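The values are calculated or read from the model by the stated rules, or taken from the named source; none is laboratory data. None of the values given here were measured: they were computed from a predicted structure. Cβ: placed from backbone, ideal geometry, glycine included. Neighbour counts: every protein chain shown.
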Amino acid sequence: MYFFEFANEAFDAILAAMTQGVMLTTTAPGLFAQIWNFFVLVLVFAIIVALAYFSIRLMGRAKNTRGFGGNIKVIEAAGLGFQNTVQLVKAGDKYFLIGVSRTGITLIGEVDEAGLNLGKQDAPQMPFESVLSRFSKKEKAQETEEEEN
């Protein structure tokens, strides 16, 4: 309530000064004030950028640590275009190849652990694309067998 009374008195004083022909002017801030305002602006901007950076890092960590028992883990993902990926997922002791898009998730199939490079030192380097092509060849062979029967 005090604020409104103060604002009303200030407005009345300004209105009275204007009607009496007194011109209210403010002095332009000095060089020190302008430098100080610029410093505060840069400081606030730096704080906002730092908060955004740390919140993105925190969200990334939370994404990787979600879940309770750690039974499901994304091993590798390959982008296929805008919002489309193929992901190699470990669920328990099995590995699955899934397709992820805006409209949903599709199970492509199960992948043998023997054909994967899981970061072992003695394992030969095998690109993910070759695993995918090998799996698609198996799937095509199964489809032709089903069509023949």
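Yes/no per residue for (1) surrounded by 10 or more Cβ atoms within 10 Å (Cβ to Cβ); (2) modelled with pLDDT under 70; (3) not assigned by TED's automatic domain parsing to the domain that holds Asp93:
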{"site": "Ile14", "(1), (2), (3)": "yes, yes, yes"}
{"site": "Pro29", "(1), (2), (3)": "yes, yes, yes"}
{"site": "Phe32", "(1), (2), (3)": "no, no, yes"}
{"site": "Ala50", "(1), (2), (3)": "yes, no, yes"}
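In region 83-95, the residues that are over 13 Å from Ile108 (Cβ atoms) form Cβ pairs under 7 Å with partners that are in a strand (DSSP E or B) and among the hydrophobic types (A, V, I, L, M, F, W, C), at six or more places apart or across chains, as follows: Lys90/Ile75; Ala91/Ile72. Flag not set for Leu24, criterion: surrounded by 10 or more Cβ atoms within 10 Å (Cβ to Cβ), at pLDDT below 65 and more than 48 Å from the chain's Cα centre (by Cα).
If we scan region 55-76, do we find a residue that is among the aliphatic types (A, V, I, L, M) and modelled with pLDDT of 90 or more? There is no residue in region 55-76 that is among the aliphatic types (A, V, I, L, M) and modelled with pLDDT of 90 or more. Note on region 113-149: residues that are among the aromatic types (Phe, Trp, Tyr) and modelled with pLDDT under 70 total 0.
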